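Accompanying notes for the structure given below.
The values are calculated or read from the model by the stated rules, or taken from the named source; none is laboratory data. As the structure is a computational prediction, the values presented were derived from the model and not from experiment. Because the Cβ atoms are built from the backbone with ideal geometry, glycine has one as well, and the counts that use them run over all protein chains shown. Each accessible area value is taken on the protein alone, full model and side chains, heavy atoms only, with ligands, DNA and RNA left out. Shrake-Rupley method; radii C 1.70, N 1.55, O 1.52, S 1.80 Å.
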Amino acid sequence: MAVNNHSTHIDISNIELGKKEVQVDQNMPSLPTQSGKKLILCCSGIFICYFYYGIIQERITRVPYGEEEEKFVYPMTLVFMQCVVNALFATAVIKLTYSSSDIDRTPTTLYIWCACSYVGAMLASNAALQYVSYPTQVLGKSVKPIPVMLLGVLIAKKRYPLAKYLFVLMIVCGVALFLYKDKKQKTDQHSDSIIGLGELLLLVSLTLDGMTGATQDKMRVEHSIRSHYMMQKINICSFLILGTAVFMTGEIWNSIAFCQRHPSVLPNMLSFSIASALGQNFIFITVTTFGPLTCSIVTTTRKFFTILASVLFYGNALVSRQWVGVVFVFLGLGLDIIFGKTRK
């Protein structure tokens, strides 16, 4: 009888051990789950598309054209063309892959609000390139998780652990180190003050980025929106807003005249828009699946490689203090990613 009891006890232990093993396996963040594979695919797509996007963007806005060394100074037209291609791409994906039962019930007002902040952020970011170097613009935008997180707390009622705020503070310190200008640098063009017009434009862009993220989170949580519906309708609203702006300001005619004088810019603009559409495809999948904050962290980490590419191809040398800032920014981002995985 005792032997039987002992045998039964062993069987129960084995069953309990098996349950524990299954439970551990289910909770392991390192397993290549379907969700994990999707995030890896999205990260890879964002890194590749926006790596090329960043190189072409600087080529369009910073490299002079023709004997007169004329520069492309039409940011609204560039973003307008980008939004048209993005909307066409999203519409094609919906027509080819979505079923007739997929219906978007998200209020139009949310799309309009999101489009206004989205367009404003892109315009301010592109306009900043006329006053700051591309590495400064890119690393300045690396602070994007901060407004996304803060406005997510205020608008979308999100909650974050204390450690996340610490890692975000590291990012802020890194960006501050990078953007701070030494006294001897103030003699450069557009450098009359520590915070110039370029830095103010970056600040505006970041604030609008935070508003966009909070609105997207609201769409995702309250309306369970599909990624390409979000991409399509935000870009449709965006190009309607920009279309009105470029015609009212007359920028569209000036940009067409520029392209006629320098037709070599057209292939760059087209490849820039295609890279944007492919990159946005992965961005909106990440936003609707994992949330705007995760997306902002992913898009921020890829910017390190964009900075290296800019330094390599265009000779935008960074001083040692700025490299320390780079380390702070991406160390904070790396710890945040590790911390998040540990908590899961």
If we keep only residues of the stretch 206-229 that are within 15 Å of the chain's Cα centre (by Cα) and hydrophobic (A, V, I, L, M, F, W, C), then the residue nearest to P292 (Cα to Cα) is A214
The condition from (1) among the hydrophobic types (A, V, I, L, M, F, W, C); (2) open to solvent by 30 Å² or more (accessible area, probe 1.4 Å); (3) in contact with a Leu (Cβ under 8 Å, 6 or more places away or on another chain) that A127 misses is numbered (2)
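The rows are residues; the columns are (1) among the hydrophobic types (A, V, I, L, M, F, W, C); (2) under 14 Å from I241 (Cβ atoms).
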| residue | (1), (2) |
| --- | --- |
| I112 | yes, yes |
| C116 | yes, yes |
| G120 | no, yes |
| A127 | yes, no |
| Q130 | no, no |
| V138 | yes, no |
| K141 | no, no |
| G152 | no, no |
Hits in the stretch 72-113 - residues which are open to solvent by 40 Å² or more (accessible area, probe 1.4 Å), within 23 Å of A214 (Cα to Cα) and at pLDDT below 90: I103, R105
With the requirement that a residue be at pLDDT 50 or above, among the hydroxyl-bearing types (S, T, Y) and surrounded by fewer than 12 Cβ atoms within 10 Å (Cβ to Cβ), what does the stretch 8-43 give you? S35
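Just need a number here: residues in the stretch 65-109 that are in a loop (DSSP other than H, G, I, E, B) and over 22 Å from G250 (Cα atoms). Walk me through it before giving the result.
First, the residues of the stretch 65-109 that are in a loop (DSSP other than H, G, I, E, B): 66-69, 71-74, 98-107.
Adding the requirement that they be over 22 Å from G250 (Cα atoms) leaves 66-69, 98-107.
Total meeting the criteria: 14.
Among I56, I60, I48, which is modelled with pLDDT of 90 or more and open to solvent by 20 Å² or more (accessible area, probe 1.4 Å)? I'd like the intermediate steps shown before the answer.
Values: I56 fails: open to solvent by 20 Å² or more (accessible area, probe 1.4 Å); I60 fails: open to solvent by 20 Å² or more (accessible area, probe 1.4 Å).
The conditions single out I48.
Of these, G243, G315, G250, G279, which one is modelled with pLDDT under 85 and either surrounded by fewer than 22 Cβ atoms within 10 Å (Cβ to Cβ) or in contact with a helix residue (DSSP H, G or I) (Cβ under 9 Å, 6 or more places away or on another chain) (or both)?
Working: G243 fails: modelled with pLDDT under 85; G250 fails: modelled with pLDDT under 85; G279 fails: modelled with pLDDT under 85.
Every option except G315 fails the conditions.
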Among the residues in the stretch 156-173, are any under 18 Å from the mean Cα position of the chain (by Cα), crowded, with 20+ Cβ neighbours inside 10 Å and over 30 Å from Q322 (Cα atoms)? no
Would the stretch 206-222 turn up any residue that is assigned to a helix (DSSP H, G or I), at pLDDT below 90, open to solvent by 70 Å² or more (accessible area, probe 1.4 Å) and hydrophobic (A, V, I, L, M, F, W, C)? yes
Looking at V132, V138, V79, V63, can you tell me which residue is in contact (Cβ under 8 Å) with a residue 24 or more places away in the chain and more than 18 Å from the chain's Cα centre (by Cα)? V132
